[in-house]
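Each remark here refers to the structure printed beneath this line.
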Amino acid sequence: MVKSNIILCIALLFAGAAFAHSGVKNAAVKARMDAMSGIGAEMKVIGQMAKGVTQFDQNAARAAAAAIAKHAAQTPALFEGKEDDPKSEAKVEIWANFEDFKQKSLELENTALGLSTSIANKADLAIAMKSLGASCQSCHKSYRE
Ligand code: HEC
């Protein structure tokens, strides 16, 4: 009984992620999509706070920025292999311009790292969304369908 409850809990824990990426067969592609979803979720934390949907919390905002930096640091390794899946939105240009892709990951990492120690008030969140958003945009524009 106890054991099946634990299994159920674990299954529920992964249900969200599995649903979002249902049908992705290539594990390497799923891993990079999961990392990007993680970045998206952290952006949402900052965005909701910036809009006042949630209360400003300096520690939580800085932690979200730190988590984005960590994902960004892992991005080149996650994309290094030229992996594909019918569900993937990655463009093949990534592997023709991998140095540039790495540079864009690094830009996001540095921006997020800076914010992880500098966010001090609600006004900073709007600036954070703008600078982070520009970084997402600059990579997605070239490398995501
Ligand atoms: C260095 C390039 C790069 C940067 C920087 C980047 N992304 Fe991505 N992102 C990608 C690529 C490539 C994909 C498509 C991956 C795939 O489908 O295989 C993607 C996909 C996504 C997805 C969809 C994931 C899914 O479930 O399929 C989300 C959400 C996302 N990115 C959010 C963000 C946010 C938010 C930022 C900025 C804070 C960001 N990304 C910065 C390259 C980048």
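Each value in this text was obtained by applying a stated rule to the coordinates, not by laboratory testing. Remember, predicted model here, so these are calculated numbers, not experimental data. So basically every Cβ, Gly included, is an ideal-geometry build from the backbone, and we count neighbours across all protein chains shown.
Mind ordering 52-59, 125-132, 65-72 by average Cβ neighbours within 10 Å, highest first?
Top of the packing list down: 65-72, 125-132, 52-59.
If Lys and Arg each add +1 and Asp and Glu each add -1, what is the summed charge of the other residues whose beta carbon sits under 11 Å from the beta carbon of K91?
Once all neighbours under 11 Å are counted, the net charge is -2.
Considering the alpha-carbon set of the stretch 96-145 alone, what are its Rg and its Dmax in angstrom?
12.3, 41
Throw me the Rg/Rh for the chain, computed over C-alpha atoms with Kirkwood Rh, two decimals.
1.03
Run the dipole for the stretch 41-145 about the Cα centre, Lys and Arg Cβ at +1, Asp and Glu Cβ at -1, nothing else charged, and hand back the magnitude in debye, nearest 20.
420 debye
Just rank F98, F79, fewest to most, by other beta-carbon atoms within 10 angstrom.
The fewest-first ordering by Cβ neighbours comes to F98, F79.
Of S142, S105, how do they rank once you tally other Cβ atoms within 10 Å and put the fewest first?
Ordered by Cβ neighbours within 10 Å, fewest first: S142, S105.
GluC sites (Glu not before Pro) within the stretch 59-116: which are DSSP loop residues with at most 13 other Cβ atoms inside 10 Å?
Those satisfying the criteria are E89.
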